[in-house]
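Any read-out appearing in this document is the output of simple, stated calculations on the displayed coordinates, not a laboratory observation. Just so it is clear, the structure is predicted and the values come from calculations on it, not from any experiment. Positions of Cβ are backbone-derived with ideal geometry, glycine not excepted, and every protein chain shown enters the neighbour counts.
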């Protein structure tokens, strides 16, 4: 099965047609934000301030990249656990966020908000940060530079490998995988 090529920001038609379990190669612009950046964005919204970038239609990658070695654009750039952003995610989805990349499960509240806002959750493979870094062609600090690797970065990516874990209908690939495994084992 070949991977589907997707451009970020992801157009609505593409987003609505992505299905849980589908492999994708993402090209275009994505943004990074981890725990500390999400906390600051949430606090800014509570104060009635604008976010440091227009989040509408965008994808956030949950990563804290390591510093680049000489001649590199970025160091290792593997995903972090998405659940740590769950308490901040519904408010960002309500403001137009359409894609998230990370690893691990999402809360029921996040999945409900994804369905309501027609968003998608992708997983990048943990432990493959050096490999993922090869797909990153440009990186610039956008906001919260004092947070170091947890600052918000704007990335230009080409064929960033990911899997649709939760699609815009709320179908969860992790749950489907468990069901398939259980069904196969009960037949034996």
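Here the residues 22, 140, ranked from fewest to most Cβ neighbours within 10 Å of their Cβ, fall in the order 140, 22. Which shape class, rounded, prolate or oblate, goes with region 63-188 when its Cα gyration tensor gives a ≥ b ≥ c as root eigenvalues, a/c under 1.5 marks rounded, and past that a/b bigger than b/c marks prolate? Oblate is the answer for region 63-188, as a/c is 1.5 or above yet b/c matches or exceeds a/b. For the Cα atoms of the chain, what angle does the longest principal axis make with the long axis of helix 35-46, in degrees from 0 to 90, nearest 10? On a 0 to 90 degree scale, this one is about 80.
Between 94, 86, 54, the residue with the greatest mean-square fluctuation in the GNM of the chain (Cα pairs under 10 Å linked by springs) is 54. When both bridge partners sit in region 4-187, DSSP labels roughly 55% of those beta bridges antiparallel. Averaging the sequence gap over all C-alpha pairs within less than 8 Å and six or more residues apart, then dividing by the number of residues, gives the chain a relative contact order of 28 percent.
Computed from Cα atoms, the angle from the helix 173-187 axis to the main principal axis of the chain rounds to 20 degrees.
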